[in-house]
1. Those residues that are farther than 15 Å from L157 by Cβ, touching a Ser or Thr at 6+ places or on another chain (Cβ under 8 Å) and not in a loop (DSSP other than H, G, I, E, B), I need them from the range 78-109; list them, please.
2. Does the range 100-108 contain at least one residue that is surrounded by fewer than 17 Cβ atoms within 10 Å (Cβ to Cβ) and more than 30 Å from K188 (Cα to Cα)?
3. Somewhere in the range 72-79, is a residue over 36 Å from the mean Cα position of the chain (by Cα) and not hydrophobic (A, V, I, L, M, F, W, C)?
4. Can you list the strands (runs of 3 or more DSSP E) found entirely within the range 190-264 that contain at least 3 residues being farther than 17 Å from R176 by Cβ and of a type in the set (A, V, I, L, M)?
5. Across the range 33-77, which residue is surrounded by the most Cβ atoms within 10 Å (Cβ to Cβ) among those that are of a type in the set (F, W, Y) and not in a strand (DSSP E or B)?
6. Pairs, please: C-beta under 9 Å, at least 6 apart or cross-chain, first residue more than 22 Å from R119 (Cα to Cα) and in the range 70-82, second buried (at least 18 other Cβ atoms within 10 Å of the Cβ) and of a type in the set (V, I, T)?
7. Anything in the range 186-207 that is modelled with pLDDT under 95 and either in the same structural domain as Y159 (by TED's automatic domain parsing) or over 20 Å from E104 (Cα atoms) (or both)? List them, or say none.
Amino acid sequence: MTKLLFLLFVLLNLDAYELSRNYEYENNIIYSDDLFPTIEKKFEILKIPSDQDHYRLDAQVIAKTFELNGISIDSTKTRYVNFTKRSPVDFSLLKQQLASMFTERYPTIRIDDITISSRGYLPALPKNVRGVFDERFYQNGSGTFYYFDEQGIRHYLDYSVRATISVLHSNQKVSRKERLSGFNTLLKPIPFVSFKDIPLTSIPNQPARFRSNLKGGQLLTVRNIETIPLVLKNEKVIVEVQDKGVIVEFGARATQEGALYDIITIQKNDGKRAKAKVIGENRVELL
């Protein structure tokens with residue numbers, strides 16, 4: 001029973017204190033609560049030379065120091081721990097840029113906090129610094145970007161955004177080619193972590209429909225929908241025929257759907273079929 005309780009105590013400690021790969025510091029002496037702020041026992045871990053802005057230490061050495069002080073930590077996920085001196089720079093401009101870019105992409109986003117950290121010591125930032133982001137950065141709440149200094153050298157930074165985004169979800173089972181509307185969708189706030197594709201935060205201005213059958217409660221992305229074609233199969237269309245500057249119109253039935261400038265087949269009232277080009281909503285031009 002005693003061994004079981006001891007094992008449980010060790011496991012709880014491992015869950016509570018998991019060693020990370022990177023830490024920032026202000027003072028050269030690193031204490032236990034610099035690594036784990038909630039730890040009750042404070043003791044020295046190491047002293048970093050004052051002339052260094054970055055220091056690397058074997059994770060097992062740190063784990064052994066904690067063990068000697070009666071505390072077990074989980075160091076299995078990292079081999080080395082990097083300590084980087086906290087840069088005395090203001091990331092406000094970059095945070096504003098991030099907030100603006102995310103808000104432009106997601107009008108329904110509510111940003112609670114943005115953190116930016118450097119991968120090395122930075123004495124200063126360019127006056128009008130601008131970050132350079134990957135084209136798919138907006139699909140992740142955390143990631144990496146870079147900026148150029150006055151000498152044209154890249155400096156990489158890590159960012160993390162704590163936010164919620166209201167995203168469209170299906171509120172019932174929907175069928176393929178069913179029209180997207182406020183009757184079969186609802187906006188639902190979710191934590192912004194990562195998206196495999198661009199989420200829908202509003203119903204598109206152009207009429208859209210579902211690409212496939214979906215269950216109720218499914219998060220909707222741009223891949224789930226498509227713009228409704230100007231001409232639908234079996235719908236009546238107006239056919240334009242141009243002859244020596246004169247335009248003649250008559251009615252027919254579309255035997256297939258088509259987007260703008262698509263070539264489709266139509267069936268005339270006499271049953272004969274012909275090729276036509278889509279030129280507008282339910283309008284085609286005879287070829």
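The values are calculated or read from the model by the stated rules, or taken from the named source; none is laboratory data. The structure presented is a predicted model; accordingly, all values stated were derived computationally and were not measured. Here the Cβ is made from the backbone with ideal geometry for all residues, glycine too, and neighbour counts use every protein chain on show.
1. V81, I109, listed by residue number.
2. Among the residues of the range 100-108, not one is surrounded by fewer than 17 Cβ atoms within 10 Å (Cβ to Cβ) and more than 30 Å from K188 (Cα to Cα), which makes the answer no.
3. No, that holds for no residue.
4. 236-243, 246-254
5. Taking the candidates together, the pick is F66.
6. I71/I39; I73/I62
7. P207 - this is the single residue of the range 186-207 that is modelled with pLDDT under 95 and either in the same structural domain as Y159 (by TED's automatic domain parsing) or over 20 Å from E104 (Cα atoms) (or both).
Rundown of residues vs (1) surrounded by fewer than 16 Cβ atoms within 10 Å (Cβ to Cβ); (2) farther than 26 Å from Q218 by Cα; (3) touching a residue at least 24 places away in the same chain (Cβ under 8 Å), yes/no style:
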residue	(1), (2), (3)
V132	yes, yes, no
E135	yes, no, no
Y138	no, no, yes
G141	no, no, yes
